[in-house]
There are 2 protein chains.
Amino acid sequence: MLKDEEDAYGQLVYAYHRKEEAVEIVERDDGFIDVAGGAKGYFTPYEEWPAWNQEAMKYVRGTVLDVGSGAGRVALYLQERGHDVWGVDNSPMALKVCKERGLRHTILMPATQLSSRVGIFDTILMMGNNFGLFGNPRRARWMLRRFRNMTTPEGRIIAETRDALETDKPEHLWYHEFNRNRGRMPGQLRIRVRFKKYATPWFDYLIVSKDEMEEILRGTPWRVHRYLDGEGGIYIAVLEKV
Amino acid sequence: MLKDEEDAYGQLVYAYHRKEEAVEIVERDDGFIDVAGGAKGYFTPYEEWPAWNQEAMKYVRGTVLDVGSGAGRVALYLQERGHDVWGVDNSPMALKVCKERGLRHTILMPATQLSSRVGIFDTILMMGNNFGLFGNPRRARWMLRRFRNMTTPEGRIIAETRDALETDKPEHLWYHEFNRNRGRMPGQLRIRVRFKKYATPWFDYLIVSKDEMEEILRGTPWRVHRYLDGEGGIYIAVLEKV
């Protein structure tokens, strides 16, 4: 469980929720540090989402598990549309924000501890690059197998991620090479979130190309039903069972 | 001398100078981290300066030493007005920006190594909180004595700083207490600047109230001639010789 001082992401969205200025800082394990943008992005209403996020909502059916629900951006939209939505996050403060904003069902748990004990869903969402919460390809496969028993036979996974290689920034190209050399996937980012005095533990966050996505899916019960293309290498994969 | 990978501030302003996005991140030695604002602020033209900065220019006479000249915001304005201006900075990349922007005289040197060997000036500027470059009260007194021999008899120091205690933010109030408990002045910040993969060494940056300023000046050849008040505890002290 996250300790209070580790809940950097939750404190960030909680600060914004309280109308304070809140900028997310992300530090990478090669010393690279950058601003990930304002907390505002975690609160944008449906009307302001990028087109491929809006499009993805058409694939949502029935009861929903929103993995890494953050400030409730997607979960609250779907709840309003009549879905039973469970928001799961490992951040106590983020879930507090979700609850204060009206989300009825929340689960405090890291994505990698999810199992059928939390329920059976028609749709599992991993929006906002949250496919990355699997951390590494081995754990992704392991969790994808577990997601089989957490979903109805017609169940779907809707996962957003990004092709790491779609960049021309030398500091990122360098890091991909650094990762390959130490036996990791290029987009297997080791990062932590910092906000004021709060810092999450270091964690792996995996971003994958379509080829890498399909390679990971091999041997799991899931196949790509449809891709929804975004900008800058971002895309959403709608997964269905084989 | 700063190593290449330590020139975080210089890389920040150089990136902005090249029209890239550039946000300054400042880390404090208690783990607090925050965004100090965009690099844009180091480039604002005179017309957009806060009133007390504009007002301070009326006190500038003759040849000028601009301590911590950064991207040349103040030095270039004064050079354009006909002053002979020397910009001094410990950041090679910041001085590169100054030169590319047209500043004729630059000196690569930490503020604390300045001596009459660099010249004799009518005005020494420490704008943009750069009184802080003295680092601690002992070094401030030591440098202020040295500034006597670096200035003409009618010479002035124009120094901007900020009352640390003018804040209601708990994370800053906590740090002031933390500082007192370890025998430092409340506003004796120990920080480093980070930008992408660049990080300056940790350094002390001193911000002082008017009372603290006058306490520091005691026993030096300098007295406050005038205060120019800004916002949020920021002020400029125009110092003249006793």
Within segment B:55-88, count every residue that is open to solvent by 50 Å² or more (accessible area, probe 1.4 Å) and of a type in the set (A, V, I, L, M, F, W, C).
1
Report every pair of residues separated by at least 6 positions or lying on different chains whose Cβ atoms are under 6 Å apart, first residue within segment A:22-36 and within 7 Å of chain B (Cβ to nearest Cβ), second assigned to a loop (DSSP other than H, G, I, E, B) and of a type outside the set (G, A, S).
A:G31/B:K197; A:F32/B:K197
Here is a list of conditions, (1) at pLDDT 95 or above; (2) within 27 Å of A:I25 (Cβ to Cβ); (3) open to solvent by 30 Å² or more (accessible area, probe 1.4 Å), and B:E21 meets all of them except one; can you say which number that is?
(1)
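Within segment A:34-54, is even one residue open to solvent by less than 20 Å² (accessible area, probe 1.4 Å) and over 30 Å from B:K196 (Cα atoms)?
Within segment A:34-54, the first condition is being open to solvent by less than 20 Å² (accessible area, probe 1.4 Å), and the residues that meet it are A:39, A:49, A:53.
Now restrict to residues that are over 30 Å from B:K196 (Cα atoms): none.
No.
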If only one of A:Y46, A:Y42 is more than 11 Å from chain B (Cβ to nearest Cβ), touching a Phe, Trp or Tyr at 6+ places or on another chain (Cβ under 7 Å), hydroxyl-bearing (S, T, Y) and touching a residue at least 12 places away in the same chain (Cβ under 8 Å), which one is it?
A:Y46
Just the residues that are open to solvent by 30 Å² or more (accessible area, probe 1.4 Å), under 16 Å from A:R218 (Cα atoms) and either among the charged types (D, E, K, R) or without any contact (Cβ under 8 Å) to a residue 60 or more places away in the chain (or both), please, taken from segment A:129-181.
A:R138, A:R139, A:R141, A:W142, A:R145, A:R146, A:R148
(1) within 14 Å of chain B (Cβ to nearest Cβ); (2) without any contact (Cβ under 8 Å) to a residue 24 or more places away in the chain; (3) under 17 Å from the mean Cα position of the chain (by Cα): which one isn't true of A:K3, the others all being true?
(3)
Just to be sure, is B:G10 surrounded by 22 or more Cβ atoms within 10 Å (Cβ to Cβ), assigned to a helix (DSSP H, G or I) and under 18 Å from the mean Cα position of the chain (by Cα)?
yes
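The values are calculated or read from the model by the stated rules, or taken from the named source; none is laboratory data. It should be emphasised that the depicted structure is a prediction, and the values quoted were computed from it without experimental measurement. Neighbour counts are summed over all protein chains in view; Cβ atoms, including those assigned to glycine, are modelled from backbone coordinates with ideal geometry. Heavy atoms of the whole protein, side chains included, go into the accessibility calculation; ligands, DNA and RNA do not. Shrake-Rupley method; radii C 1.70, N 1.55, O 1.52, S 1.80 Å.
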